[in-house]
Amino acid sequence: MQLNYQTTIANPAMGVVGTGALPVIPGTTTAGKYQNVTVVGNYAYVAGFASPGANPVGMSLVIYDITDPTNPFVTGWIPTQTNPWNGGAPGLNGTYCMVIQNGYAYITSGLTFYVVNVQNPYYPYNVGRCAVTGSPGTLYSVAMSGNYAYISTQSKGLTVVDCTNPLLPVQVFQEGGTLNKSVGVCVANGYVFTTNYQTTAPWTVRYLKIWNISTPSTPSLITTYTLPAGTKPGQLSVNGNYAYVTDFNTNSVQIVDITNVNSPNYISSMAASASFGTLESAATNTTSLDGDFAYITSGSSAVFGGAVDCYNITNPATPVLVSTYTEGVPSSVGYLGAVLYNNNLYIADYGPAGGTGSTLVVLSTLTGTSAPIDSRNLTAVSVQLSNVGSSATGVCILEGSDDSINPTNWSDIPSTSTPISGTAVYLIPKTDISYQYVRVAYTSTGTGGLNVALKGLEP
């Protein structure tokens, strides 16, 4: 016997769902420039910088509780100090980038690498530091693999710090031998990836470097790949067999096939709608969306405004621009300024000149689900979808839950994902099920909605 269920998936546009302001410290004028954000569990950790001093007070680390993404609130912070911390009261010398791992924040700050205990988000405090030697210039990005921190630097390329003892991190490796700037670093697939560029045009040095870290304390360079002419490479991230490299010169993201790490191959690029700042980046962490989408944040000042471009990267050789969102997007997206987590994009706002007004902005990318259907008496279901609104674009998938009452724990049902684009009728074929409840979920960046006809088969 066949049963029919009619429902609708509302599909609001991508939009800002919450903002978190700088912490207010009584008796001072708080200032800061947010540069980097990372999310772990129910907390967002934001790196910042401002001129140190008693008034205004700069924030080098701010922690937000994001249990409710519509209402992020500050739990703890560490202020900026004039001198690097080496004991006593907590303080940092400004922050470019951080990684959270096992209750510690690993932070690049000026010429110093810090370890901060963040196990209590209301009371972060410094526990260790390493003053990087060898005239590295500014320490930029950091990535962790096991107990080792891999750091990109202004003047000496890749540097490695052993953090086996968080109280006493030790520098164990430095690339050296170059005055070319290395901004981006990423650990993926058992390798370290770095970018490297010449500081003056025409940027004949424009490298993506790949390092073997089978011996983590002493990386060995296995590939130096020259990116396309005119590229000024900055940040990078890796998703599967592809590296996504931010290009400061053309305000785009270059996509490189790294299936063969000994012979990378440039395949395509994605343009940003606004201008990249000197150290801005693309939020190409796509793991929350199964690698289907890349979100590029851009906007280096109020003159350019801010934007988020969403590309479908199902086929990285031919990325497709799905949508561009600008309303409420910060006009100065910070260095490494966005991260995707649980279908929300968390954006670090660098703020206007003077370092006031920086915020954490939460942008929603998840658009909706149908009402749940009691499927305890069903053996299979099929779905027919029809668009309402020509700009509704994304991916539909059937989800199941085994909660007996008021289902909340949903999981994707394999082989039921269906791309949606434009006004048409789409089908999810008959699928055998063993869930107590099923529903249709829609991940999208368009506007409009979907009519859903879900057909269930009884035994």
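Say R0 is 25 Å: what FRET efficiency, to the nearest 0.05, do Thr204 and Ile267 get from their beta-carbon distance? Show your work: numbers first, answer last.
Details: r = 22 Å, r/R0 = 0.88.
Taking R0 as 25 Å, the efficiency between Thr204 and Ile267 is 0.70.
Compute the distance in nm between two label points, each set 7 Å from the Cα along the Cα-to-Cβ direction, one at Asn189 and one at Thr314.
Taking the two extended label points, one gets 2.2 nm.
Just to be sure I understand the model, the point goes 7 Å from the Cα along the line to the Cβ. What's the resulting Asn4 to Leu221 distance in nm?
6.7 nm
Expected output is a single nm value to one decimal: the length gained when fully extending between Asn147 and Leu427, i.e. 0.36 nm times separation in residues minus the C-alpha distance. What is it?
Length difference between fully extended and current span is 96.0 nm.
Once you have the Cα-Cα distance between Asp374 and Asn249, take 0.36 nm times their residue separation minus that, and quote the gain in nm to one decimal.
Result for the pair: 39.6 nm of gain on full extension.
To the nearest 0.05, how large is the calculated FRET efficiency for Asn165 and Asn342 if R₀ is 41 Å and r is the Cβ-Cβ distance?
Using R0 = 41 Å, I get an efficiency of 0.80.
Just to be sure I understand the model, the point goes 7 Å from the Cα along the line to the Cβ. What's the resulting Asp412 to Ser275 distance in nm?
A separation of 3.9 nm, rounded to one decimal place.
Only the coordinates and a few stated rules stand behind these numbers; no lab work does. What you see is a predicted model, and the numbers here were worked out from it, not measured in a lab. Virtual Cβ from ideal backbone geometry, glycine too; neighbours counted across all protein chains shown.
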